[in-house]
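A short write-up of the structure that comes next.
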Amino acid sequence: MMRKAAGLVVFNVGLCICLYDITKLEDSYIFPGDGASHTKVHFRFVVFHPFLEEILVGKIKYCSQEGVHVTMGFFDDILIPPESLQQPAKFDEAEQVWLWEYETDEGAHDLYMDQGEEIRFRVTDEVFVDTSPTGPAAATPDNAAQPGQSTAAPAEESTEKKEAPYTLIGTICEPGLGLLSWWNN
Amino acid sequence: MEVKNANAAMLSNYEVFKLLTDLKEQRKDAGKSKHSLGQQDLNTIMYETLKYLSKTPCSRQSPEIVREFLTTMMPQKLTKAVSKKSNLNIALISFQMVEESEERLTEEQIEELIQTVAGVLPGDPEQENAAAADAEMNGGAEQS
């Protein structure tokens with residue numbers, strides 16, 4: 001079970017990395033009708049859960065209208081939305097890349113946010129989505145379907161988008177943040 | 001599975017790095033084990049996290065350096081958990097640390113802080129120059 005926990009996101013806790021230690025092993029029980037033995041184990045897990053305002057470094061995975069998607073290798077769901085990019089920012093549709101229209105005395109100098117580039121960002125928000133089957137369902141409109149009335153609900157459920165259980169929202173709209181190459185002399 | 005405490009303790013990058021490196025050694029000693037998918041997932045996340053951490057300054061730290069850093073930083077007026085942990089995770093002064101303290105410390109004190117940290121933590125010369133330039137930049141921004 002502990003092996004299964006690694007790589008898993010625990011709601012409101014973070015991304016499980018590995019076992020830290022076992023603090024208590026309770027007695028084992030065998031229940032009637034169930035051949036397996038049950039033992040309650042108290043353990044601590046190392047979890048990735050950066051605090052808000054923490055500064056991290058990742059790599060640009062790709063850009064989209066939604067913003068710049070960043071990865072840290074072991075964690076992929078990081079987004080820098082357009083309003084949190086260094087301004088003024090522009091999305092190049094052809095190249096599918098965001099760029100910073102950096103102003104200098106000689107005029108605007110476009111700095112591209114290319115794939116694979118290392119990027120320093122500050123965590124501004126985190127989103128946990130309960131993806132368990134018994135968790136709160138994604139917001140659905142009034143489900144009460146009257147006979148004879150067609151409902152959009154069933155169609156929506158089947159085309160439901162797979163949401164990441166844990167997403168970090170970040171910003172690079174500060175001096176020193178953004179591509180490492182922008183600030184290295 | 002039931003979560004008893006969502007935040008039992010904070011670990012520095014160095015502690016996690018050490019833990020993963022030790023676990024890796026243990027697995028190697030225990031012999032090849034490549035069976036279940038569960039095992040695979042554990043290895044992937046451990047591998048990726050270890051890969052990420054080895055590229056950060058924590059891979060050059062040691063328990064002695066950590067101890068020395070914490071004792072040196074004690075007299076500094078920084079909010080305990082957040083600042084110490086974040087400072088440790090960055091070899092030399094970062095904008096984060098300077099920004100958190102800019103309201104409470106004078107530029108002189110910030111300079112002093114930079115020197116102290118630089119003296120205690122190992123870092124590569126390249127980073128040192130970049131960090132010094134950034135700190136200056138921050139200092140300049142404050143004045144304007």
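The values are calculated or read from the model by the stated rules, or taken from the named source; none is laboratory data. All of these numbers come straight from a predicted model, not from anything done at the bench. Every residue, glycine as well, gets a Cβ built from its backbone with ideal geometry; the counts of neighbours run over all protein chains shown. Accessible surface areas use protein heavy atoms only, side chains included; no ligands, DNA or RNA. Shrake-Rupley method; radii C 1.70, N 1.55, O 1.52, S 1.80 Å.
For the reader, a short list of remarks on this structure follows.
- Single residue of the stretch A:3-22 satisfying the filter (in a strand (DSSP E or B) and open to solvent by 80 Å² or more (accessible area, probe 1.4 Å)) that is nearest to B:Met1 (Cα to Cα): A:Ile22
- Just one residue in the set A:Ala137, A:Ala153, A:Ala144, A:Ala164 is at pLDDT 75 or above and either over 18 Å from the mean Cα position of the chain (by Cα) or closer than 17 Å to A:Asp77 by Cα (or both); that residue is A:Ala164.
- Among the candidates A:Phe75, A:Phe45, residue that is over 30 Å from A:Cys173 (Cβ atoms) and out of contact with any His (no Cβ under 8 Å at 6 or more places or on another chain): A:Phe45
- Residue in the stretch B:67-89 that is outside any loop (DSSP other than H, G, I, E, B), at pLDDT 70 or above and under 23 Å from B:Arg27 (Cβ atoms) present: no
- Inter-residue pairs, beta-carbon under 8 Å, first more than 9 Å from chain B (Cβ to nearest Cβ) and in the stretch A:48-60, second at pLDDT below 85, 6+ apart: none
- When we screen A:Val41, A:Val13 for residues that are out of contact with any Phe, Trp or Tyr (no Cβ under 8 Å at 6 or more places or on another chain) and at the interface with chain B (Cβ under 9 Å from one of its Cβ atoms), the only hit is A:Val13.
- Selection within the stretch B:38-57 - modelled with pLDDT under 75, over 11 Å from A:Cys18 (Cα atoms) and open to solvent by less than 30 Å² (accessible area, probe 1.4 Å): B:Gly38, B:Gln39, B:Pro57
- So A:Leu25, is it closer than 20 Å to A:Leu177 by Cα and either of a type in the set (Gly, Ala, Ser) or away from every other protein chain (no Cβ under 12 Å) (or both): no
- Across the stretch B:19-36, the qualifying residues are those that are part of a helix (DSSP H, G or I) and over 20 Å from A:Phe75 (Cβ atoms), and the one among them that is modelled with the highest pLDDT is B:Asp22.
- A:Ser28 satisfies every condition listed in (1) open to solvent by less than 40 Å² (accessible area, probe 1.4 Å); (2) modelled with pLDDT under 95; (3) among the small types (Gly, Ala, Ser) except (1).
- Number of positions in the stretch A:53-96 that are open to solvent by less than 20 Å² (accessible area, probe 1.4 Å) and among the hydrophobic types (A, V, I, L, M, F, W, C): 10
- The set of residues in the stretch A:29-50 that are assigned to a loop (DSSP other than H, G, I, E, B) and under 14 Å from the mean Cα position of the chain (by Cα) comprises A:His49, A:Pro50.
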